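Student: Can you keep this structure in mind? I'll have questions shortly.
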Amino acid sequence: MKKVVTTLLLSASVLFGGTINVAVASNVSYAIDELKSEFIKSHLHTKVRVTLGSSGKLTAQIRHRAPYGIFMSANTLYPQKLYQDNFALLEPKVYAQGTLSFFTLKNYDLLKGFELLKSKKIRRIAVANPKTAPYGKATLDALQNLKLHKLLKPKFIYGESISQTLSYTITAADIGIVASASLYSTKMQKYKEGKNWVKIKPEFYHPIKQGIVLLKEAKDSQEYRDFYEFILSKKAAEIFKKYGYII
């Protein structure tokens, strides 16, 4: 009888699967639905629940014992610190490299690059907060390298995440510095490269190495490990490339 009950329990586990909780940096929000769809094709009984936010805020939640089993950060620094502080099972691995772009709804000559930001016509520039968003830190690095940060700082409108920065660019700013990945989403296809947006040359900053880490919550969970391995797979890499990431 005991053997029968055990068999039934195992069968139910396979049939109904489980739910995994994944903390995902905002810049990945544009690709995550397609990533989930591809994963579910081979893991029909696993439900992937995603929480989006800035990498800094997600890290703080993890430190306060939020029940995430995987963290897909916008850099490697946050997951590396979590690993060092014993919140993670494995050292982080890079799953993609993110890039920056200028984006605007207005008729500017985007080929002028950073020089354009000095124009008196541009009064508000949306940027991500460098204290909470790695894309904001990359933006800050580029502006400091060009000795433009102090000059342009009065124009800045800060988004707490890179997705909020995109929202501010559309609703409140003249131009924004955003994640290139956001510009490949379905909702953004009406905006054209060269007219509404251009990629910022990587010579001005280091492409953002984005790290994934398996957290302590994932211990003894094959479903978490399956999703972790999928994000590092060739299939996932193809999806990331579609959204402007460097693999």
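Every read-out reported here was derived from the displayed coordinates using simple, explicitly stated rules and does not represent laboratory data. Treat the numbers as computed from the prediction; the structure is a model and nothing was measured. Glycine also receives a Cβ, built like all others from the backbone with ideal geometry; neighbour counts cover every protein chain displayed.
Student: Just T51, T99, T76 to compare: in a GNM of the chain, with alpha carbon springs under 10 Å, which one fluctuates most?
Tutor: Between T51, T99, T76, it is T51 that shows the largest mean-square fluctuation.
Student: Classify the range 27-114 from the C-alpha gyration tensor, please: rounded if a/c falls under 1.5, else prolate or oblate depending on whether a/b exceeds b/c.
Tutor: Oblate, since a/c reaches 1.5 and b/c is not below a/b.
Student: Then there is this: Counting other beta carbons within 10 Å of each Cβ, put T46, T19, T59 in order, fewest first.
Tutor: By the 10 Å Cβ count, ascending, the order reads T19, T46, T59.
Student: Can I ask one more? List every residue whose amide H lies under 5 Å from the amide H of L89, counting only residues 5 or more places away in sequence or on a different chain, with H placed 1.01 Å from N in the peptide plane.
Tutor: Counting only residues 5 or more places away or on other chains, the set is L214, L215, K216.
Student: Averaging sequence separations of C-alpha pairs under 8 Å and six or more residues apart, then dividing by the length of the chain, give the relative contact order as a whole percent.
Tutor: Answer for the chain is 29 percent.
Student: Taking neighbour Cβ counts within 10 Å as the exposure measure, how do I231, I247 sort from fewest upward?
Tutor: Going from sparsest to densest Cβ surroundings: I247, I231.
Student: Please identify every one of the trypsin sites (Lys or Arg not before Pro) in the range 150-247 that sits in a loop by DSSP and has no more than 16 other beta carbons within 10 Å of its own beta carbon.
Tutor: Those satisfying the criteria are K190, K192, K195, K219.
Student: Follow-up question, since we're still on this one. Could you tell me which of rounded, prolate or oblate describes the range 100-204, using a ≥ b ≥ c as the square roots of the eigenvalues of the alpha-carbon gyration tensor, with rounded for a/c under 1.5 and, failing that, prolate when a/b is larger than b/c and oblate otherwise?
Tutor: Rounded.
Student: Taking the Cβ of each residue in M188, M72 as the centre, tally the other Cβ atoms inside 10 Å and list the residues starting with the fewest.
Tutor: M188, M72
Student: Out of the trypsin sites (Lys or Arg not before Pro) in the range 38-71, which ones are loop residues according to DSSP with at most 11 other C-beta atoms within 10 Å?
Tutor: Hits after loop and neighbour filter: R65.
Student: I would also like to ask the following. Kindly identify the chain as rounded, prolate or oblate by the Cα gyration tensor criterion: order the square roots of the eigenvalues as a ≥ b ≥ c, call it rounded if a/c is under 1.5, otherwise compare a/b with b/c, prolate if a/b is larger, else oblate.
Tutor: prolate
Student: Further question: Treating only the Cβ of Lys, Arg, Asp and Glu as charged (+1, +1, -1, -1), what charge dipole size does the chain show about its Cα centre? Round to the nearest 20 debye.
Tutor: 720
Student: Anyone know which of E229, E203, E193 comes out most mobile in the 10 Å Cα GNM of the chain?
Tutor: E203
Student: Return one number: the angle in degrees, 0 to 90 and rounded to the nearest 10, between the long axis of the Cα atoms of helix 222-231 and the longest principal axis of the Cα atoms of the chain.
Tutor: Approximately 30 degrees, to the nearest 10.
Student: When the chain is modelled as a GNM with alpha-carbon springs shorter than 10 Å, which of S161, S54, S185 fluctuates the most?
Tutor: Looking only at S161, S54, S185, the biggest GNM fluctuation is shown by S185.
Student: Give the lysines reachable from K118 as a straight Cα distance under 17 Å; neighbours fewer than 8 places away on the same chain don't count.
Tutor: Within the straight-line cut-off, K118 pairs with K106, K147, K150, K153, K155.
Student: Next up: Over the range 84-153, what is the relative contact order in whole percent, taking alpha-carbon pairs under 8 Å and six or more residues apart?
Tutor: Contact order relative to length: 18 percent.
Student: Specify the inter-centroid distance of the range 28-53 and the range 168-247, based on alpha-carbon positions, in whole Å.
Tutor: 14
Student: Which listed residue (S101, H149, L183) has the Cα farthest towards the positive end of the charge dipole for the range 100-204, taking +1 on Lys and Arg C-beta and -1 on Asp and Glu C-beta about the Cα centre?
Tutor: H149
Student: Identify the chymotrypsin sites (Phe, Trp or Tyr not before Pro) of the range 163-203 meeting these criteria: DSSP loop state and at most 12 other C-beta atoms within 10 Å of the C-beta.
Tutor: Of the chymotrypsin sites (Phe, Trp or Tyr not before Pro), not one in the loops of the range 163-203 has a Cβ with at most 12 other Cβ atoms within 10 Å.
Student: I would also like to ask the following. Projected onto the charge dipole of the chain (+1 at Lys/Arg Cβ, -1 at Asp/Glu Cβ, origin at the Cα centre), which of P92, A218, S42 gives the Cα projection farthest towards the positive end?
Tutor: P92
Student: What 222 nm value per residue comes from the helices of the chain, counting each DSSP H run with n ≥ 4 as -39,500 (n - 2.57) and dividing by all residues, nearest 500 deg cm²/dmol?
Tutor: -11000 deg cm²/dmol
Student: Once you charge only the Cβ atoms, +1 for Lys and Arg and -1 for Asp and Glu, what is the size of the charge dipole of the range 100-204 about its Cα centre, to the nearest 20 debye?
Tutor: Dipole of the range 100-204, to the nearest 20 debye: 340 debye.
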